[in-house]
There are 2 protein chains.
Amino acid sequence: MIKTYISENESRMLDELFSLIRIPSISAQPEHHDDMLACAERWRQLLLEAGADEAMVMPSQGNPMVFAQKNVNPEAPTILIYAHYDVMPAEPLELWKSAPFEPEVRDGHIWARGADDDKGQSFIQVKAFEYLVKNNLLTHNVKFIFEGEEEIGSPSLEAFCKDHRELLKADIILVSDTSMLGADLPSLTTGLRGLAYWEIEVTGPNRDLHSGHFGGAVANPINVLCQMMSRIVDADGRITVPGFYDDVEEVPQAERDMIAHIPFDEEKYKAAIGVRELFGEKGYSTLERNSCRPSFDICGIWGGYTGEGSKTVLPSKAYAKVSCRLVPHQDHHKISQLFADYIQSIAPATVQVKVTPMHGGQGYVCPISLPAYQAAEKGFEKAFGKKPLAVRRGGSIPIISTFEQVLGIKTVLMGFGLESNAIHSPNENIPLDIIRKGIEAVVEFHLNFH
Amino acid sequence: MIKTYISENESRMLDELFSLIRIPSISAQPEHHDDMLACAERWRQLLLEAGADEAMVMPSQGNPMVFAQKNVNPEAPTILIYAHYDVMPAEPLELWKSAPFEPEVRDGHIWARGADDDKGQSFIQVKAFEYLVKNNLLTHNVKFIFEGEEEIGSPSLEAFCKDHRELLKADIILVSDTSMLGADLPSLTTGLRGLAYWEIEVTGPNRDLHSGHFGGAVANPINVLCQMMSRIVDADGRITVPGFYDDVEEVPQAERDMIAHIPFDEEKYKAAIGVRELFGEKGYSTLERNSCRPSFDICGIWGGYTGEGSKTVLPSKAYAKVSCRLVPHQDHHKISQLFADYIQSIAPATVQVKVTPMHGGQGYVCPISLPAYQAAEKGFEKAFGKKPLAVRRGGSIPIISTFEQVLGIKTVLMGFGLESNAIHSPNENIPLDIIRKGIEAVVEFHLNFH
């Protein structure tokens, strides 16, 4: 049924998608201000044509939001579909094989900026919605919220959510803006890490000293900084900050089993980044360590003489920028304080230490027991012929935690991207077949969501 | 006797010293090339007038050397007096109360560049020599070697020594180019520290990685560098490099007792550099730690993101410039190798570590049992009314170890400087009384040297 619908309508559908892609809605470049408005308006039209009861372009503190909804049954649950209509800049232009804003189909792929991220992926959501509406198969309510500032950090989204809690009220949020492990390895992202970031300043003597006259008698702030930094992760790869693991989510065994089944060649992984050995928390696999366990990294360090040659000095100050990737249930505000307290507790009386929290974000987890998650699983299985793997990602998508904190709604990350789609890079693309299977998967999601 | 000689000849002597000072022999400034030659020639004349059998200006790879000698008895020992006729630049000129190269006597001090370092101090040596020759009191042989590049690191001295071993042959070297603890606290410098310096490069992954995607699974080279740097000095302030202390000179108890009697206010010392607590090797006093015990300092460290704000990154590389101050008998070549071996031994397999030795210098000790040292002690006692304290200095004077290594001769550092003499700074000066007492001390040295 859906397959037939797609093939019968594919030509029109591609025209619609191309009309979106042709608008260079680059949020980072102010000269594209009018394109942002044009793209929002184009989406409004397409959402109405797809079957929304109403669709509107709404002001925000920045680029406008597109909101649409289809109310089927006030007793039924509501799904809120989030996407973004802005795209990354296309530079360097000379590396593109075809013009970034003139979509071209070659070798079964659409080549253009936004072909995947996120015009292509959000189009999948809208076309599945269209099919369900036109065939009277929709049994629950659907809302859409498309923003125009995702690629610049969603500066207006949190305030918009706070101002429109009622309008955005829903039971679950659905987002198509992430990737799968592969076209033959469908997967769903079930977790993201949070972040806490600090700058540390260690002050020893009140001026740089002659290391011949003072060395051995006065604590060197770089020596001290290294000592302190060496006491944050132990030999087993565990973070030693007291209380750090108190709220850490224990990943369910079912999910760990699933992670264990992700095809992963550690030798290839090491070779790709050029290291002989990996290092991480004892008792966890590499894929667990970089996705669902916390980590501590010194992102930057500096102090003393860093020029050419060899100047002796016992410097006055030393600095480090450090971060922790956090996991679900760890509150970055709490961790930020625990970390600062710990650093002060290990600072020797020979120096003064200042710890400045720089920023933070909460982690996110989508329980695989969630009905919406299981519906998504069925969708992927139908379209790709395999049950998708539940995958944690080590990075952060701040908007997902914003939704959870501000709206109190869980998100299912139903992303169809592939690494080879080259998002944010020249020659971004998406296979036509992924669009077809994506629509099929989302239709199946809706049919299985109760 | 000597007091009378000085007062009868003081006017002439000052004229002679002023004639040297008026020549701006600034080795760092190429436009003073002719002044270097003029100053060397002036010294040659003055050395002849003082009683040398012969005096000559000799070419070197750089500015010429002045050599002079007085042979009294081929059976008697020979003293080689080293000094330098070059001076530091006088800038900033606006801070001088009188012109730097027009010596002025005010408040009992001579004010001029070079008044102390080293024209004033070397003049003391030459005038003591003059007195002894004129009064037939010299019973041993005396040689003089004055260089014109000390303030720019003595680049030609080592080669000159190697080329003129026979000419410079002596039993002891005497140098007046250091300071005393105070005019009422005469002291002799008996030790200088050596130095070894390395650059350390730690390479982790072959490129900077996303700390969200890799953090927790891949060793961060800054984390590793800090870990390694934290393992070089233990909690007792001892350097943990195996074999590091094997050759360390144990300072004789008599000398430690003397150090313990040096007036030293630890509270004032801490307040001056703005630290609440000091840190150093257990079992040694602050003055011992910064002069006759080795030390380890990280002189510089850098890696990752060091700009404004908070960028997350798991960097590819981290660097440190580190140094050890060494003490007498520690060979800097041997220590350099021991250190590099130790660093490699504690480098985890997760990274690659490169240790590059940058430079080094040997420490120096003048045993207080040396007859020449004891003669110097008697000289100070006669002139200043107190037995001088034996003092170690934490810095390095490379020429002293050069003499020991190339010529195989020990040096006695018979310096008459005071901290208030402001060498290398505007308003350099020397009290006339120090010149008088200095001459008296050197005369007494010669009378007691056998």
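Volume per residue of the convex hull around the Cα atoms, evaluated for chain B, comes out as 177 Å³.
Computed from phi, the 3J(HN,Hα) profile of region B:379-385 under the Karplus parametrisation 6.51, -1.76, 1.60 (θ = phi - 60°) reads x, 5, 4, 4, 6, 9, x Hz, with x in place of Gly and Pro.
Shown in residue order for region A:138-151 are the 3J(HN,Hα) couplings computed by the Karplus curve 6.51 cos²θ - 1.76 cosθ + 1.60 at θ = phi - 60°: 7, 10, 10, 8, 10, 10, 10, 9, 10, 9, x, 9, 5, 6 Hz (x for Gly and Pro). The alpha-carbon of A:Lys382 sits under 18 angstrom from the alpha-carbons of these lysines, leaving out residues fewer than 8 places away in its chain: A:Lys3, A:Lys127, A:Lys437. Taking amide H positions as modeled 1.01 Å from N, with prolines and chain starts lacking one, the residues under 5 Å from B:Cys299 and 5 or more places away or on another chain are B:Lys321, B:Val322, B:Ser323.
Taking the helices alone, chain A has a mean residue ellipticity at 222 nm of -10000 deg cm²/dmol, built from -39,500 (n - 2.57) per DSSP H run of at least 4 residues and averaged over all its residues.
Note on B:Glu267/B:Leu95: beta-carbon distance plugged into 1/(1 + (r/R0)^6) with R0 of 22 Å gives a FRET efficiency of 0.10.
Across the identical copies, the 7 Å label point of A:Lys354, projected outward along Cα→Cβ, sits 3.5 nm from its counterparts, in ascending order. A Cβ-based charge dipole, computed about the Cα centre of region A:18-73 with Lys and Arg at +1 and Asp and Glu at -1, lands at about 140 debye. The mean of 1/r over all pairs of different alpha-carbon atoms in region B:67-173, once inverted, gives a Kirkwood hydrodynamic radius of 15.9 Å. Considering only B:Glu150, B:Glu288, B:Glu250, the mean-square fluctuation computed in a Gaussian network model of chain B, springs between alpha carbons under 10 angstrom, is largest for B:Glu250.
Note on B:Asp184 and B:Gln61: with the Förster distance fixed at 60 Å, the Cβ-Cβ geometry gives a FRET efficiency of about 0.90. The C-alpha radius of gyration of the protein assembly as shown, expressed as a fraction of 2.2 N^0.38 Å, stands at 1.33.
Placing dummy labels 7 Å off each Cα toward the beta-carbon, the span from A:Val105 to B:Val105 is 10.5 nm. Label positions at B:His359 and A:Asp53, each projected 7 Å from the Cα along the C-beta direction, are separated by 8.2 nm. Here B:Glu440, A:Glu199, B:Glu308 are placed in order of increasing Cβ neighbour count within 10 Å, fewest first, which gives B:Glu308, A:Glu199, B:Glu440. Helix B:119-134 and the long axis of chain B differ in direction by around 40°, with both axes built from C-alpha atoms.
Can you give me the Cα centroid spacing of region B:83-120 and region B:200-231 in angstrom? Result: 52 Å between the Cα centres.
In order along region A:156-163, phi translates into HN-Hα couplings of 9, 5, 4, 5, 4, 4, 5, 6 Hz, rounded to whole numbers, per the Karplus curve 6.51 cos²θ - 1.76 cosθ + 1.60 with θ = phi - 60° and x for Gly and Pro. With neighbours defined as other Cβ atoms within 10 Å of a residue's Cβ, the residues A:His210, B:His261, A:His446 order from fewest to most as B:His261, A:His210, A:His446. Applying a 4.7 Å Cβ-Cβ cutoff to the protein assembly as shown leaves A:Cys39, A:Cys161, A:Cys292, A:Cys299, A:Cys324, A:Cys366, B:Cys39, B:Cys161, B:Cys292, B:Cys299, B:Cys324, B:Cys366 as cysteine residues with no disulfide-compatible partner.
Oblate is the label for region B:273-346, because a/c, from the alpha-carbon gyration tensor with a ≥ b ≥ c as root eigenvalues, is 1.5 or above and a/b does not exceed b/c.
Within the protein assembly as shown, DSSP assigns beta bridges of which about 70% are antiparallel (rounded to the nearest 5).
Put simply, the amide H of B:Leu188, placed in the peptide plane, has neighbours under 5 Å in B:Leu389, B:Ala390, B:Val391, leaving out anything fewer than 5 places away on its chain. Between A:Asn220, A:Asn71, A:Asn136, find the one with the highest GNM mean-square fluctuation for chain A; connect C-alpha pairs within less than 10 Å. The residue that fluctuates most here is A:Asn136.
The modelled label-to-label distance for the pair A:Met1/A:Glu308, using points 7 Å beyond Cα in the direction of Cβ, is 7.5 nm.
Helix A:2-21 and the long axis of chain A differ in direction by around 60°, with both axes built from C-alpha atoms.
With its label point defined 7 Å out from Cα along the Cα-to-Cβ axis, A:Lys268 lies at 7.2 nm from the matching points of the other copies, in increasing order.
Under 5 Å between amide hydrogens, built in the peptide plane, is the criterion, and for A:His84 it picks out A:Glu147 among residues at least 5 positions away or on other chains. Within region B:286-302, which residues have the backbone N less than 19 Å from the label spot 7 Å out from B:Asp246 along Cα→beta-carbon, could you tell me? The answer is B:294-295.
FYI, it's all coordinate maths here, none of it is from the lab. Please read all numbers here as calculations on a predicted model, not as lab measurements. Note that each Cβ is placed from the backbone with ideal geometry, even for glycine, and that neighbours are counted across all protein chains shown.
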